[in-house]
Amino acid sequence: MLPAYISHPDCLKHAMGDQHPECPERIGAVSDMLLIKGLLDFMQPCEAPLATEQQLAQAHSSLYIHTLAALSPREGSVQVDPDTSMNPHSYRAALRAAGAAVLATDLVLTKGAGTAFCNVRPPGHHAEYGAAGGFCFFNNAAVGIRHALNVHGLERVALVDFDVHHGNGSEDILRDDERVLMCSIFEDKLYPFCGNVPRGANMVNVALPARSGGELLRQAVTEQWLPALERFQPQLIFISAGFDGHRDDDMGNLGLVEADYAWITKQIVAVAARHCQGRIVSCLEGGYELSSLARSAAAHVKVLLGMDD
């Protein structure tokens with residue numbers, strides 16, 4: 001099977017207001033760039049299924065799942081936190097986004113897809129075990145990781161998160177799960193204002209100063225991420241792929257460029273080649289300036305496909 005490209009039209013229906021940075025156009029910006037670059041020609045398009053309650057419950061409390069479903073409005077919108085709201089389509093979009101991670105796991109582990117890229121929204125890495133936040137409802141990557149562990153029986157799964165914001169939700173769900181290694185790079189003193197002190201022994205968190213650029217990013221990956229990943233020897237790698245650290249994106253101030261995202265993806269691909277038969281699932285997280293998001297995601301996917309120069 002070709003590498004998988006997973007998305008769904010429902011992801012376009014979730015909207016949080018005309019001026020909200022986490023907008024439906026993000027999906028089209030990424031898919032259009034992948035099409036223009038010819039990358040979709042080398043991928044198998046798949047529609048994201050709806051995640052089941054059983055699948056969600058591997059990463060979230062049943063009380064939270066039911067509470068969020070009950071909040072879903074029939075019309076208008078409802079505020080979940082100061083930055084996050086639901087319209088009548090949001091809950092279904094969130095189910096699709098989490099379902100994409102589950103399907104990607106199945107395709108990579110049993111269908112020979114090798115790699116999968118989930119172009120879905122809402123994003124997930126700020127969603128905690130029992131709380132939404134930071135534009136996120138369900139933790140897509142964590143749902144997929146627990147599916148790989150609990151359903152497919154893997155013993156070691158790594159999560160690497162290079163969003164400009166720390167994945168506090170992923171850390172909350174996965175901390176002290178010895179089957180998981182989480183490596184996170186993020187901008188210091190930025191939402192959600194945590195991560196500097198890891199909450200579990202299985203966390204490798206690196207807070208980078210504002211305006212640090214690609215050099216410090218590469219140093220942190222080389223000196224801290226890669227040794228931990230080599231010791232862990234993952235059987236599958238998940239990526240929380242956030243591109244809001246780009247210098248054109250005003251959500252953060254790391255000053256990264258497309259070449260930095262390509263470089264970090266190359267390092268992950270190399271680890272996957274050594275330890276887990278190249279198996280990688282990448283889930284879109286942040287990235288809010290549409291042009292830089294599209295270019296960065298394309299650079300990332302190009303490396304996942306093994307088409308980098």
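Read-outs: derived from the displayed coordinates by stated rules, not from any lab. None of the values given here were measured: they were computed from a predicted structure. For neighbour counting, all protein chains shown are included, and Cβ atoms are generated from backbone atoms with ideal geometry for every residue, glycine included.
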Take the alpha carbon gyration tensor of the range 1-150, find the square roots of its eigenvalues, order them as a ≥ b ≥ c, and report rounded if a/c is under 1.5; if not, report prolate when a/b exceeds b/c, else oblate.
oblate
Could you list which residues have their amide H under 5 Å from that of L256, counting only those 5 or more apart in sequence or on another chain, with H placed in the peptide plane?
H246, R247
Which entries of K111/K266; K111/K302; K189/K266 show an alpha-carbon separation above 25 angstrom in the structure shown?
K189/K266
The range 1-97: GluC sites (Glu not before Pro) falling in loop per DSSP and having at most 15 other Cβ within 10 Å:
E75
Excluding E53 itself, what net charge comes from residues whose Cβ is under 15 Å from its Cβ, given Lys and Arg +1 and Asp and Glu -1?
+3
I want the local charge near H275. Using Cβ-Cβ distances under 13 Å, sum +1 for each Lys or Arg and -1 for each Asp or Glu among the other residues.
+2
In terms of modelled amide H atoms, which long-range or inter-chain residues lie less than 5 Å from the amide H of V160?
C183, F238, I239, S240
With runs of 4+ DSSP H residues as the only contributors, calculate the mean residue ellipticity of the chain at 222 nm using -39,500 (n - 2.57) per run, divided by the residue total and rounded to the nearest 500.
-11000 deg cm²/dmol
Check each of the trypsin sites (Lys or Arg not before Pro) in the range 1-92 and keep only those in coil by DSSP with at most 15 other C-beta atoms within 10 angstrom; list them in order.
K13, R74
Cα centroid separation - the range 251-309 against the range 75-127, whole Å:
19 Å
How much length is gained if the chain between F42 and H66 is pulled fully straight, taking 0.36 nm per residue apart and subtracting their Cα-Cα distance, in nm to one decimal?
4.7 nm
Pull out a ≥ b ≥ c, the square roots of the eigenvalues of the alpha-carbon gyration tensor of the chain, then state rounded if a/c is under 1.5, prolate if not and a/b is larger than b/c, and oblate in the remaining case.
rounded
Return the lysines within reach of K13: Cα separation strictly under 27 angstrom, same-chain partners fewer than 8 residues apart disregarded; answer none if there are no such residues.
K37
Which of H275, H66, H166 has the fewest Cβ neighbours within 10 Å, and the rest in rising order
H66, H275, H166
Would you grab the residues whose amide H sits under 5 Å from the one on S85? Only those 5+ places off in sequence or on another chain, please, with H modelled 1.01 Å from N.
V80
With the 8 Å Cα cutoff and a minimum separation of six or more residues, the range 4-304 has a relative contact order in percent of 20 percent
